[in-house]
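Okay, structure first, notes after.
The values are calculated or read from the model by the stated rules, or taken from the named source; none is laboratory data. Please read these numbers as outputs of a predicted model, since none were measured by experiment. Cβ atoms come from the backbone with ideal geometry, glycine included; neighbour counts cover every protein chain shown.
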Amino acid sequence: MSAPLLTVEHLSMRFGGLVAVGDLSFTAPSRAITAVIGPNGAGKTTVFNCLTGFYRPSVGRLTLAHAGQTHFLERMEGFDIARKARVARTFQNIRLFPNMTALENLIVAQHDTLMRASLWSIGGLFGLAGYRQAERQAVDRARHWLDQAELLEFADVEAGALPYGAQRKLEIARALCTQPVLLCLDEPAAGLNPRESADLNRLLLAIRDAEGIGILLIEHDMSVVMGISDHIVVLDYGQKIAEGPPAAIRADASVIRAYLGEPEDSA
Amino acid sequence: MAYFLQQLVNGVALGAIYGLIAIGYTMVYGIIGMINFAHGEIFMIGAFLSLIALLLIAALGISNVPLALALTLLFAMAFAALYGWTVERLAYRPLRGSQRLAPLISAIGMSIVLQNTVQLLQGARVKPLQPVITGGLVLMEGDGFVVRLSYLQIIIMLLTLALMIGFTWLIHNTTLGRAQRATEQDMTMAALVGIDVDRTISATFVMGAALAAVAGLMVTLYYGVVDFYIGFHAGVKAFTAAVLGGIGSLPGAMLGGLLIGLIEAFWSGYFTIEYKDVAAFAILILVLIFRPTGLLGRPEIEKV
């Protein structure tokens, strides 16, 4: 395994007296899918919220290292995490821009590049050559991901009107249009039927292999988690209880205990 | 018939001015969900800036009317935009993320501050201006009544139309416009895809203020008088127009403005002029009873 892309060290998040995440450390490399699993309320989404600037961690260091640069995510504003550190995320409850078309959703995700190329929109008004080129590239990138997610036919449909499974994939496509190095997916398979979640597995593996980015995955659907993860971190009550490759996690006694409870005769 | 036509012409010109101010209310409401009560004062400041610019240009000896108007427009739009930006930076941005009522109260405070500042600096008396653009076309003569369409009314209508088309295009086709629509739909998500939300909101205030300044220039030329209190009245009317058309909707603001202008013109033409405001607000109430989201407004979608 190469040097880690993301290093989480001693992350704690407290809300008043409640410890949502306590002293959590793990790493996630690029070109790999790292799954974070655990029962409901284990603190998985809290970890994502700390990574993407929604919460400021009570304690801990979140280091993202790529292309010779190091970013300390716990100190950065949300939009800087997106454009400087290049961390993208999706949500459990889908958060697309519902009144924009699928294509527009993907183009708006390339806002920073386009804004620079258009000299804060002023150059764009006069049809600057550099801006026209940047816009073409943005549309091409958007079309590429629409194609990968098998959504090309929906390009000009308002995002809010898309079928549920398509919205899930569009959200992932939008995250990819920000050209992230780390992609955080919060339950991408929730509400998908088995065929759709098999599609999703293929898409995620393709992203990992083609883009060489790191994927951090929260998921309850074990067919997804066990099928595509390279590494699994298990949380329970905000603590890490196990970590390892899928086969080891499947056999881990403490994980089974967390999900299924204590066997009665051992008490 | 001739009389009707004249009221129609007057109503459209007045409505265009209301529409321009209403856009500022509707854009700000769309993006941060607050009523910018200081917007009427920005319009008033735009009117004063126009007056100052026109007098300055006259003092400099520029007698070419189109050039003088273009310079005045630029001057008023630039400085009003600066006011708009400053108001947002000082009074609203520090309160972002607080409860809904706080920026509203801050806006009312800002409105009073701006009004009193102008009153102190410029005096409370009404400031007159010599007519700059005179003359017009005679559309129709009949029943001993002459229907006139003044050149100024033509300028008001054409300029408003051009600005409306320009801004609609801007919102739908530029990078900034896309960022504004994204911020309007989901502010947190917009930040997560790399949009600088604060800067986008500032740009919205700047655009709204520049349009209000255009309306300020038009009113200065149309009525030939300016005082520190015109912002309140025009602000309430334009706000009504924005709500009538469906707050948050750009074409709605324009439609609402036109309707309010027409209602006022026809009411003052056929009934008593004192009750023209009553007529405008009564129509607003009626529309809101049957269409709570306004004429072109989209029903609010509950965000989860």
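Here residue B:175 meets the list (1) in contact with a strand residue (DSSP E or B) (Cβ under 7 Å, 6 or more places away or on another chain); (2) crowded, with 22+ Cβ neighbours inside 10 Å almost entirely, failing just condition (1).
The residues on offer are B:180, B:185, and the sole one that is crowded, with 22+ Cβ neighbours inside 10 Å, polar (S, T, N, Q) and free of Cβ contacts under 8 Å to residues at least 40 places away in the same chain is B:185.
State yes or no: is residue B:220 assigned to a helix (DSSP H, G or I), within 12 Å of chain A (Cβ to nearest Cβ) and of a type outside the set (D, E, K, R)? No: the conditions fail for residue B:220.
In this structure, does residue A:12 turn out to be of a type in the set (S, T, N, Q), assigned to a strand (DSSP E or B) and touching a Gly at 6+ places or on another chain (Cβ under 8 Å)? Considered against the rule, which asks whether it is of a type in the set (S, T, N, Q), assigned to a strand (DSSP E or B) and touching a Gly at 6+ places or on another chain (Cβ under 8 Å), residue A:12 comes out as yes.
Based on what the data block shows, is residue B:212 small (Gly, Ala, Ser), within 14 Å of chain A (Cβ to nearest Cβ) and either buried (at least 20 other Cβ atoms within 10 Å of the Cβ) or under 23 Å from residue B:36 (Cα atoms) (or both)?
Criteria not met by residue B:212.
Annotation: of all residues in segment A:59-91 being part of a loop (DSSP other than H, G, I, E, B) and within 14 Å of chain B (Cβ to nearest Cβ), the one that is nearest to residue A:3 (Cα to Cα) is A:86.
If the condition is being crowded, with 24+ Cβ neighbours inside 10 Å and either in contact with a strand residue (DSSP E or B) (Cβ under 7 Å, 6 or more places away or on another chain) or not in a helix (DSSP H, G or I) (or both), then segment B:1-44 contributes B:36, B:38.
Contact map, segment B:264-281: residues that are more than 15 Å from residue B:14 (Cα to Cα) and of a type outside the set (S, T, N, Q) paired with residues that are modelled with pLDDT under 85 and surrounded by fewer than 16 Cβ atoms within 10 Å (Cβ to Cβ), Cβ distance under 9 Å, separation 6+ or inter-chain. Pairs shown: B:270/B:3.
In summary, residue A:106 fulfils each of the numbered conditions (1) more than 8 Å from chain B (Cβ to nearest Cβ); (2) closer than 29 Å to residue B:297 by Cα; (3) surrounded by fewer than 19 Cβ atoms within 10 Å (Cβ to Cβ) with the single exception of condition (3).
Do the conditions hold for residue B:59, that is, is it modelled with pLDDT under 90, assigned to a helix (DSSP H, G or I) and surrounded by fewer than 23 Cβ atoms within 10 Å (Cβ to Cβ)? So residue B:59 fits the description; yes. Scanning segment B:223-271 for residues that are among the aromatic types (Phe, Trp, Tyr) and not in a helix (DSSP H, G or I) returns B:228, B:229, B:271. Criterion applied to B:177, B:166, B:142 was being more than 30 Å from residue A:139 (Cβ to Cβ) and of a type outside the set (Ser, Thr, Tyr), and the one residue passing it is B:142. Please pick out the residue among B:48, B:75 that is surrounded by fewer than 21 Cβ atoms within 10 Å (Cβ to Cβ) and within 16 Å of residue B:129 (Cβ to Cβ). B:75 is the lone residue from the list that is surrounded by fewer than 21 Cβ atoms within 10 Å (Cβ to Cβ) and within 16 Å of residue B:129 (Cβ to Cβ). The set of residues in segment A:149-164 that are surrounded by 18 or more Cβ atoms within 10 Å (Cβ to Cβ) and away from chain B (no Cβ under 14 Å) comprises A:149, A:151, A:154, A:162. Do the conditions hold for residue A:179, that is, is it of a type in the set (S, T, N, Q), more than 30 Å from residue A:19 (Cα to Cα) and surrounded by fewer than 20 Cβ atoms within 10 Å (Cβ to Cβ)? Judged against the criteria, residue A:179 is a match. Looking across B:146, B:132, one residue alone is closer than 30 Å to residue B:3 by Cα and assigned to a loop (DSSP other than H, G, I, E, B). It is B:132.
Filtered by the rule that a residue be farther than 20 Å from residue B:253 by Cα and more than 8 Å from chain A (Cβ to nearest Cβ), segment B:167-189 gives a lone residue, B:187.
What do you reckon, is residue A:54 in contact (Cβ under 8 Å) with a residue 12 or more places away in the chain and among the aromatic types (Phe, Trp, Tyr)? Yes: the conditions hold for residue A:54. Among the hydrophobic types (A, V, I, L, M, F, W, C), within 14 Å of another protein chain (Cβ to nearest Cβ) and assigned to a helix (DSSP H, G or I): does that describe residue B:152? Spelling it out, it is not the case that residue B:152 is among the hydrophobic types (A, V, I, L, M, F, W, C), within 14 Å of another protein chain (Cβ to nearest Cβ) and assigned to a helix (DSSP H, G or I). With respect to the conditions (1) within 14 Å of chain A (Cβ to nearest Cβ); (2) under 15 Å from residue B:171 (Cα atoms), residue B:205 falls short on a single one, namely (1). Among the conditions (1) out of contact with any helix residue (DSSP H, G or I) (no Cβ under 9 Å at 6 or more places or on another chain); (2) at the interface with chain B (Cβ under 9 Å from one of its Cβ atoms); (3) at pLDDT below 75, residue A:125 misses just one, which is (1).
The helices (runs of 4 or more DSSP H) found entirely in segment A:152-267 that carry 2 or more residues being touching a residue at least 40 places away in the same chain (Cβ under 8 Å) are A:164-177, A:194-211, A:222-228, A:253-260. In the set A:7, A:27, A:46, A:34, which member is in a helix (DSSP H, G or I) and either among the β-branched types (Val, Ile, Thr) or free of Cβ contacts under 8 Å to residues at least 60 places away in the same chain (or both)? Going through A:7, A:27, A:46, A:34 in turn, the sole match is A:46.
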